[in-house]
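What follows is a short report on a single structure.
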Amino acid sequence: MLDDLHALAPLDALRAILGPAGLLTDPADLAPALSDWRGLYRGEAMALLRPADTAQVSACVALCAKHGIAIIPQGGNTSMVGGATPETRPNQVVLSLARMNRIREMDPLDMTMTAEAGVVLTRAQEAAAEHGCLFPLSLGAEGSAMIGGLLSTNAGGNTTVRYGNARELMLGLEVVLPDGGVVHGLRRLRKDNTGYALRHLFVGAEGTLGIITAAVLRLFPAVQESVTAFCAVPDEDAALALFRRFRAADEGAVRAFEYMSGPGVELVFATIEGAVRPLAEPAPHYVLLDLTASRQGAGLRGLAESVLAEALEAGEVTDAALAESEAQRAALWRLREEHPEAQKRAGGNVKNDVSVPVSRVPEMIRRCSAALRELIPGSRPMPFGHMGDGNIHMNLVQPEGMDPAEFLARAHDIMDCVNAIVRELGGSFSAEHGVGRLKTDMMEEWRGGAELAAMRAIKAALDPQGIMNPGKVLPPG
Ligand code: FAD
Ligand code: MLT
Ligand code: ZN
């Protein structure tokens with residue numbers, strides 16, 4: 001079969017593998033796959049491949065390898081770093097996992113779910129709930145992002161503080177290697193120390209080492225009780241003090257602890273229809289937190305009230321609203337989750353997805369905000385994000401009235417300004433979104449020497465032709 005296919009022109013051979021529904025070449029069909037959510041990049045591809053199963057992925061990859069065709073794996077295309085967008089060069093295809101969207105197995109006893117790469121995160125969450133379980137990964141793009149993309153970026157999101165990143169939620173993987181070979185690693189073992197843990201190589205590799213086609217995911221007991229609080233806090237130190245207070249009261253209960261700046265929340269009110277103000281007065285900083293428990297009668301409401309009363313007394317909190325219903329909870333979370341959209345609507349914005357040790361978060365926010373205001377007078381720092389795990393989106397919105405293109409031309413100066421401070425504080429320039437295409441030029445400085453050499457050696461060993469997602473993660477050379 002493969003020999004017959006190899007005699008055909010590449011696109012004809014790919015069509016023979018995938019059938020007419022699995023290969024699209026019409027520019028209108030390709031267009032959404034050739035640009036990114038942020039609108040930073042636009043690329044080219046000969047075709048959009050939409051395989052229906054692992055065998056088809058394997059056959060396509062083998063064929064592309066034979067013809068030296070580059071492959072850009074794509075899930076929900078919500079990458080913040082241009083990771084799923086092809087470059088502008090010939091001889092490449094985008095391979096979408098969207099049709100591989102089956103949940104192959106659920107095991108509430110082993111507490112595992114085996115899901116294909118194209119399962120959208122909200123569907124994975126629902127499937128877990130249908131079996132009385134919880135799949136805890138949660139982030140703003142959960143209605144589009146897919147299991148393969150989430151694992152390939154080692155996504156974090158709102159629940160890392162309690163459940164870890166996507167890597168910690170993965171037990172086994174099925175992967176198609178750059179020569180078309182298949183790693184059948186869908187094991188659901190809690191302990192599996194048999195040689196190199198290959199599965200972990202592909203998590204966070206951003207599609208540069210192979211294509212994840214399915215994964216065994218960890219499940220947890222379903223949530224039976226929860227409390228959501230939206231708190232006004234006077235400064236960044238108070239936000240951190242509040243985190244410590246909740247952690248000390250019941251570390252296991254904190255599901256999410258998110259920080260937002262006052263100007264960021266005001267921008268949400270200004271740009272997002274239906275955003276409701278939960279507190280009487282605007283504040284300079286806010287915290288949104290969730291406490292959850294897997295048993296009823298855990299007393300989370302009482303816990304939240306007593307911790308908040310102590311925090312009010314200590315001046316760490318100036319006002320707070322507790323959600324009284326699921327609708328109120330959703331409304332409070334909306335104020336947090338609409339931050340990316342609000343910042344997009346405000347014109348040019350530059351994202352700095354950085355992390356520092358949790359204890360350094362207040363200093364990082366303060367120093368970066370001051371440095372950014374000095375770098376571009378009138379610019380608006382709007383940091384927000386996952387304070388409980390040290391990952392803040394130290395984002396900068398353009399000055400009002402400035403030409404967005406003029407502002408975006410300073411993107412690298414802005415990132416350098418933030419990164420210099422983050423580096424002094426022992427942090428990372430790439431916390432949860434990955435390196436993608438946006439940050440390859442930072443790799444040499446941050447991961448140069450033996451670390452980058454080892455990454456290049458792994459890439460060369462698995463993908464000697466360099467056909468998997470070229471131009472991403474590793475800098476040229
Ligand atoms: P894509 O964007 O399609 O791809 C991402 C990368 O993975 C690319 O390099 C691609 O080539 C590769 N890839 C995709 N599928 C596969 C596969 N099956 N095998 C191999 N490689 C593959 N991220 C966070 O971590 N935390 C957040 O809180 C968060 N919030 C977000 C909020 C919004 C509004 C948006 C738009 C994005 C947010 N993101 C966040 C970023 C993004 O959602 C994540 O990076 C997510 O993991 C990407 O999943 P995806 O399916 O869209 O992957
Ligand atoms: C989020 O947490 O909402 C995104 O990761 C951050 C961003 O859009 O910068
Ligand atoms: Zn985030």
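Please treat every number below as a calculation from the coordinates, not as lab data. Quantities reported herein were computed from a predicted structural model and do not represent experimental measurements. No Cβ is skipped: glycine too gets one built from the backbone with ideal geometry, and neighbour counts run over all protein chains shown.
A compact table of results
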| quantity | calculated |
| --- | --- |
| Cα-based shape type of region 403-477, given that a ≥ b ≥ c are square roots of the gyration tensor eigenvalues and the cut on a/c is 1.5 | oblate |
| Contact order relative to length of region 322-440, as percent, for alpha carbon pairs under 8 angstrom and 6 or more apart | 33 percent |
| Whole-Hz ³J(HN,Hα) from phi, Karplus 6.51 cos²θ - 1.76 cosθ + 1.60, for region 70-85, glycine and proline x | 6, 10, 10, x, 9, x, x, 6, 10, 3, 8, 10, x, x, 9, 9 |
| Placed amide H near Gly172: partners under 5 Å, 5+ positions off or other chain | Val216 |
| Radius 12 Å from Cβ of Asn395, net charge of other residues (Lys, Arg +1; Asp, Glu -1) | +3 |
| Region 68-109, relative contact order [Cα under 8 Å, separation at least 6], % | 45 percent |
| Test item: Cα-centred dipole of the chain, Lys/Arg +1 and Asp/Glu -1 on Cβ, debye | 840 debye |
| Over the chain, relative contact order from alpha-carbon pairs under 8 Å, at least 6 apart, % | 15 percent |
| Shape category assigned to region 269-330 from the gyration tensor of Cα positions, a/c cut at 1.5 | oblate |
| Unsatisfied cross-links (Cα-Cα over 23 Å) in the set Lys351/Lys439; Lys344/Lys439; Lys351/Lys472; Lys191/Lys459; Lys191/Lys472 | Lys191/Lys459; Lys191/Lys472 |
| For region 96-101, Karplus couplings with θ = phi - 60° (6.51, -1.76, 1.60), whole Hz, Gly/Pro x | 8, 8, 4, 7, 8, 10 |
| Built amide H within the under 5 Å cut-off of Asp319, gap 5+ | Ala232 |
